[in-house]
Amino acid sequence: MRRRAALLLVPLTLAAFAHNGPTQVATFPAPVPAAIAPTDSSFARLIASLSEPGGFFDSDNLISNEASYLHVMGALRRLGVRGGAYVGVGPDQSFSYIAEIQPEIAFLIDIRRDNLLHHLLYKALFANARNRLEYLCLLFGRELPDDVARWTQREVTDLIDYIDARPADPAHFESAARRVRTTVESFGVPLTESDFATIRRFHSAFHAAGLDLRFTSRGRAARSYYPTYRMLLLETDLDGERANYLADEDRFRTVQRLQSRNRIIPVVGDLAGSHALAAIGQEIERRGLRVSAFYTSNVEYYLMLDHTFDRYARTVAETMPVDARSIIIRSYFSRGWPHPQNLPGYYATQLVEPLTSFVRTQRSGGYRSYADLVSVNIVSNR
């Protein structure tokens with residue numbers, strides 16, 4: 001098994017484009033003043049200084065397979081997890097945690113360099129979107145309404161209905177893809193034509209599948225219990241409230257503001273590697289911040305299989321500045337042992353552990369097994 005440290009999600013099987021006849025090509029207007037300006041070179045330099053050489057995992061990791069991802073929101077509020085620095089893995093699931101926590105800066109780390117490219121795509125979408133509907137139209141390559149500004153405060157269900165009603169016409173995708181490329185070029189991150197082809201491939205996957213995009217794996221049967229993008233948008237926390245970053249305009253704006261200030265930094269790195277995670281911890285310390293939340297999904301499971309967990313845990317204990325409110329968010333996928341916090345109808349279970357407890361356990365001998373990791377020090381989500 002080659003370093004599975006940063007995989008949470010598995011790839012999408014690309015569908016062919018469907019052409020539904022001639023249509024008016026969408027033209028996406030220039031960004032409003034609040035959108036992201038051309039990125040100064042410090043953004044690219046920070047990515048380069050924190051990153052390490054990329055590794056391999058057999059996944060494009062386009063969307064989450066954790067339908068339970070919002071079940072920790074109540075615990076975050078109860079524990080006062082707010083501000084500071086956020087560290088997380090994977091694609092846009094972290095945006096929902098960021099919208100809730102409102103950190104000063106966020107670092108999104110993944111062993112695959114493709115995840116960096118994926119987040120440059122998202123950053124470009126935020127740069128060009130005046131509101132959530134425009135963001136979704138750009139992401140899925142759908143026709144933009146003439147009255148897009150009037151959609152700013154609409155319910156997320158209205159946005160879903162709008163996207164569902166629009167065909168996946170290649171002309172609209174090409175218009176969006178051109179704007180994405182121009183914007184990504186302005187970020188100052190050195191990219192090859194192969195990188196731009198990868199960004200386009202990810203973008204085209206969203207266009208082809210639409211809101212039915214679902215987590216799938218290469219060489220393995222599709223899992224019907226993995227959520228679609230639509231289902232992720234409609235998921236709720238344990239109080240029944242929608243808390244996805246696209247559920248309301250305020251959450252969307254929180255993430256967009258951080259993107260516009262270049263405070264969401266994609267990093268290439270192995271959580272058990274020799275450089276990236278430690279460098280992130282040192283950068284957080286240099287800024288006088290502490291870690292508010294560290295989202296690891298089920299990466300730690302693979303680290304234990306790869307016999308690199310102890311190295312990762314030492315890095316966290318030695319380099320991550322934490323306080324009494326710092327937490328780890330992890331995901332548990334049932335492998336014959338249902339977790340006590342698992343809810344009916346959910347394949348994954350989201351867990352919260354105080355980072356101070358994680359550090360204390362590591363320094364006193366460490367975790368004996370993965371079952372130990374997901375059982376000891378876990379706080380209630382309710």
Handout entry: Cα shape, the range 164-225, gyration tensor, a/c 1.5 rule
Key = oblate
Problem - the range 209-265, dipole about Cα centre (Lys/Arg Cβ +1, Asp/Glu Cβ -1), debye to the nearest 20 - result: 480
Completion exercise
For the range 250-266, in residue order, the Karplus 3J(HN,Hα) values (coefficients 6.51, -1.76, 1.60; θ = phi - 60°; whole Hz; Gly and Pro = x) are 4, 5, 4, 5, 4, 5, 4, 4, 5, 4, 5, 9, 6, 9, 10, 10, x
Exercise for the section: Answer rounded, prolate or oblate for the range 223-326, using the Cα gyration tensor with square roots of eigenvalues a ≥ b ≥ c: rounded when a/c is under 1.5, else prolate when a/b is larger than b/c, else oblate. Expected result: oblate
Exercise for the section: Return one number: the angle in degrees, 0 to 90 and rounded to the nearest 10, between the long axis of the Cα atoms of helix 113-128 and the longest principal axis of the Cα atoms of the chain. Expected result: 50
Exercise for the section: Report the residues of the range 190-211 in range of a label on residue 164: point 7 Å along Cα→C-beta, backbone N strictly under 14 Å from it. Expected result: 210-211
Problem - Peptides ranked, highest mean first, by Cβ atoms within 10 Å: ranges 351-358, 369-376, 67-74 - result: 67-74, 351-358, 369-376
Exercise for the section: Quick one: check the C-alpha center-to-center distance for the range 235-264 versus the range 135-156, whole angstrom. Expected result: 16
Practice task
Give the carbon-plus-sulfur fraction of the accessible surface of the range 304-377 in %, rounded to a whole number; probe 1.4 Å, heavy atoms of protein chains only.
Solution key: 50
Handout entry: Given charges at Cβ of Lys, Arg, Asp, Glu: the chain dipole, positive-most of 207, 80, 273
Key = 273
Practice task
Give me the percent of DSSP beta bridges within the chain that run antiparallel, rounded to the nearest 5.
Solution key: 35
Problem - Two-site label geometry, residue 323 and residue 201: point separation in nm, points 7 Å out along Cα→Cβ - result: 4.4
Practice task
Give me the number: length gained by fully extending residue 236 to residue 335, i.e. 0.36 nm times residue separation minus the C-alpha to C-alpha distance, one decimal in nm.
Solution key: 33.2 nm
Handout entry: Protein accessible area in the range 78-118, 1.4 Å probe - carbon and sulfur %
Key = 44
Completion exercise
Treating only Lys and Arg (+1) and Asp and Glu (-1) as charged, each at its beta carbon, one finds that the chain has a dipole about its Cα centre, in Debye to the nearest 20, of 680
Completion exercise
To the nearest 20 debye, the range 137-228 has a Cα-centred charge dipole, built from +1 on Lys and Arg Cβ and -1 on Asp and Glu Cβ, of 480
Problem - Extension reserve of the residue 171-residue 42 stretch, reckoned as 0.36 nm per residue once the Cα distance is removed - result: 42.9 nm
Handout entry: Heavy-atom surface of the chain, accessible at 1.4 Å and reported per residue (Å²)
Key = 39
Exercise for the section: For residue 223 and residue 250, compute 0.36 nm times the residue count separating them, minus their Cα-Cα distance, and round to one decimal in nm. Expected result: 6.4 nm
Exercise for the section: First compute the accessible area of the range 139-208 with a 1.4 Å probe, then give the percent of it belonging to carbon and sulfur atoms. Expected result: 46
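The values are calculated or read from the model by the stated rules, or taken from the named source; none is laboratory data. What you see is a predicted model, and the numbers here were worked out from it, not measured in a lab. Heads up, the Cβs are rebuilt from the backbone with ideal geometry, glycines too, and the neighbour counts pull from every protein chain shown. The protein model used for the area step is the full one, side chains on, heavy atoms only, and it has no ligands, DNA or RNA in it. Shrake-Rupley method; radii C 1.70, N 1.55, O 1.52, S 1.80 Å.
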